[in-house]
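Here is the structure we will look at.
The values are calculated or read from the model by the stated rules, or taken from the named source; none is laboratory data. These figures come from a predicted structure and were not determined experimentally. Backbone-built Cβ (ideal geometry, glycine too); neighbour counts: all protein chains shown.
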Amino acid sequence: MAPFSERISAGATGAEELAAELDSKDPLRSFRDEFHIPPHAGGEQRYFCGNSLGLQPKAVRGALLDELDDWARLGVEGHFHGKHPWMPYHSFVRESLAELVGAQPSEVVAMNTLSVNLHLMMVSFYRPTKERHAILIEAGAFPSDRDAVESQVRFHGFDPATSLIEVEGDEPDGTISMAALERVLVERGKEVALVLWPGVQYRSGQAFDMAEITRLGHAQGCVVGFDLAHGAGNLELKLHDSGADFAAWCSYKYLNSGPGAIAGCFVHERHARSDRPRFAGWWGHDQSTRFKMGPNFQPTPGADGWQLSNPPIMALAPLRVSLDVFHRAGMSRLRAKSLQLTGYLEALIRGRLAETLQIVTPSEPERRGCQLSLRVVGGRERGRALFEYLATQGVIGDWREPDVIRISPAPLYNSFDDVRAFADAVAGWHPGQGQAA
Ligand SMILES: Cc1ncc(COP(=O)(O)O)c(C=O)c1O
């Protein structure tokens with residue numbers, strides 16, 4: 001049990017004092033002021049939805065206006081003479097993106113959106129043969145991931161019924177043990193061309209040991225890639241050291257880069273000069289000869305070589321701002337605060353709300369990130385009613401069918417008092433309030 005349990009069991013006053021004490025000692029507390037917290041009833045929302053859409057850094061508006069001004073003032077010359085010239089713009093986020101995910105700068109690139117990048121990666125890294133044709137994913141994967149892998153399997157002329165292997169959860173709340181994954185890999189690994197695994201599973205909030213999964217997959221001769229939609233900006237990632245072949249993530253969740261933000265991609269340096277097939281476009285062409293406009297595609301070494309188009313500057317500007325915030329806060333300090341915030345949330349639920357909420361997410365801190373996935377005791381209708389009641393109180397989580405409320409305190413802008421307010425709101429709920437029509 002988290003170390004907070006004793007003070008919480010002293011009741012609401014103990015929890016409130018503890019929250020105030022933890023907030024006053026939080027070395028990252030000033031970062032909250034760098035974000036727009038949506039208003040509620042004359043105050044601010046208690047916003048726990050950073051795992052879906054992160055909040056807006058206040059500096060984003062100015063960064064976008066800078067680009068609009070340069071475009072108005074300079075026209076095409078903005079590519080070279082803007083405040084942040086557009087031609088090399090994507091390289092302005094390279095160092096901080098690499099730092100964030102534990103990669104070398106040449107291993108990362110900001111481009112496209114997540115599902116697009118997963119497809120581009122699979123074009124190169126899912127090369128099925130008659131013997132080794134399958135993709136291995138977790139059962140209950142995010143629909144877009146499942147759609148993407150299923151369509152890749154079909155694209156290569158195989159049948160998902162035999163070439164899509166889904167690992168079922170074997171733990172009481174449906175989470176997946178490493179032993180279960182290992183069992184499937186040992187039994188069927190020789191059929192598996194690609195393991196595509198989440199860093200953090202979107203519904204359960206379970207975090208996985210990526211280095212170990214890579215080791216197990218590689219031992220069977222599989223390529224191993226990760227979807228880090230819920231991992232980037234949440235966990236302290238060490239992508240290079242994990243040995244993963246590739247990874248892709250979006251930037252609108254923990255990375256606070258806005259709705260539909262430009263996504264990220266990692267390709268391990270051992271593939272930097274890969275001659276694997278790829279879908280090409282001029283922005284992936286070697287920079288030194290790109291504008292010679294020749295007919296022969298020569299990929300830029302590293303992740304940049306998978307780019308297709310010149311990047312959307314209006315989408316890169318918020319990412320640049322956001323990564324600067326992460327750089328200043330530091331991912332290890334953010335993770336340290338996150339462990340406390342989510343530990344405090346867990347302790348409040350176990351200590352005060354156990355009759356209402358059951359935690360689905362693993363309790364071991366190393367097996368989860370910010371998010372706790374919560375099932376409401378009594379079933380789906382009761383769950384929806386609580387979820388809707390919380391929204392009326394300005395407590396914003398999200399709902400995932402069939403019966404999960406996800407609550408995700410983000411260490412950049414959530415306070416311990418936010419978490420305390422969530423618990424008080426749940427404790428003040430009487431079934432019947434917020435009942436779905
Ligand atoms: C795990 C996971 N995969 C894929 C997606 C789809 O992302 P996009 O719409 O950016 O392609 C999401 C979006 O929330 C996600 O959480």
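Does the range 283-309 hold any residues that are among the charged types (D, E, K, R), more than 13 Å from residue 108 (Cβ to Cβ) and in contact (Cβ under 8 Å) with a residue 12 or more places away in the chain, and which are they? The one that is among the charged types (D, E, K, R), more than 13 Å from residue 108 (Cβ to Cβ) and in contact (Cβ under 8 Å) with a residue 12 or more places away in the chain: 286.
Here residue 311 passes the criteria (1) outside any helix (DSSP H, G or I); (2) under 20 Å from residue 413 (Cα atoms); (3) within 16 Å of the ligand (Cβ to nearest atom); (4) not hydrophobic (A, V, I, L, M, F, W, C) except the one numbered (2).
Of all residues in the range 145-170, those satisfying the criterion of being assigned to a helix (DSSP H, G or I) and not hydroxyl-bearing (Ser, Thr, Tyr) are 145, 146, 147, 148, 149, 150, 152, 153, 154, 155, 160, 161. Among the residues of the range 30-61, those identified as away from the ligand (no atom under 16 Å from the Cβ) and small (Gly, Ala, Ser) are 30, 41, 42, 43, 59. Going through (1) touching a Phe, Trp or Tyr at 6+ places or on another chain (Cβ under 7 Å); (2) touching a residue at least 12 places away in the same chain (Cβ under 8 Å) one by one, residue 116 falls short only on (1). Do we have any residue at all in the range 29-42 that's touching a helix residue (DSSP H, G or I) at 6+ places or on another chain (Cβ under 7 Å), modelled with pLDDT of 95 or more and not acidic (Asp, Glu)? Yes: the range 29-42 contains one or more residues that are touching a helix residue (DSSP H, G or I) at 6+ places or on another chain (Cβ under 7 Å), modelled with pLDDT of 95 or more and not acidic (Asp, Glu). Say whether the condition of being over 17 Å from residue 115 (Cβ atoms) and either within 11 Å of the ligand (Cβ to nearest atom) or among the aromatic types (Phe, Trp, Tyr) (or both) is met by at least one residue in the range 255-273. Within the range 255-273, not a single residue is over 17 Å from residue 115 (Cβ atoms) and either within 11 Å of the ligand (Cβ to nearest atom) or among the aromatic types (Phe, Trp, Tyr) (or both).
When the range 147-165 is filtered for residues that are within 21 Å of residue 182 (Cα to Cα) and within 14 Å of the ligand (Cβ to nearest atom), only 149 remains. Within the range 319-334, being of a type in the set (Lys, Arg) and surrounded by fewer than 18 Cβ atoms within 10 Å (Cβ to Cβ) holds for 328, 333. Summed over the range 258-279, the residues that are out of contact with any Leu (no Cβ under 7 Å at 6 or more places or on another chain), of a type in the set (A, V, I, L, M, F, W, C) and surrounded by fewer than 24 Cβ atoms within 10 Å (Cβ to Cβ) give a count of 1. Does residue 362 satisfy being assigned to a loop (DSSP other than H, G, I, E, B) and within 23 Å of the chain's Cα centre (by Cα)? Yes.
Residues in the range 98-111 that are over 15 Å from the mean Cα position of the chain (by Cα) and surrounded by 24 or more Cβ atoms within 10 Å (Cβ to Cβ): 103, 107, 108, 109, 111. Taken over the range 230-241, the criterion of being more than 12 Å from the ligand (Cβ to nearest atom) and either more than 24 Å from residue 373 (Cβ to Cβ) or among the hydrophobic types (A, V, I, L, M, F, W, C) (or both) is satisfied by 235, 237, 238, 239, 240, 241.
For the range 271-282, a residue qualifies if it is farther than 11 Å from residue 303 by Cα and without any contact (Cβ under 8 Å) to a residue 60 or more places away in the chain, and the qualifying residues are 275, 280, 281, 282. Look through 14, 75, 54 and report the one residue that is without any contact (Cβ under 8 Å) to a residue 12 or more places away in the chain and either under 30 Å from residue 341 (Cα atoms) or surrounded by 19 or more Cβ atoms within 10 Å (Cβ to Cβ) (or both). The conditions single out 14.
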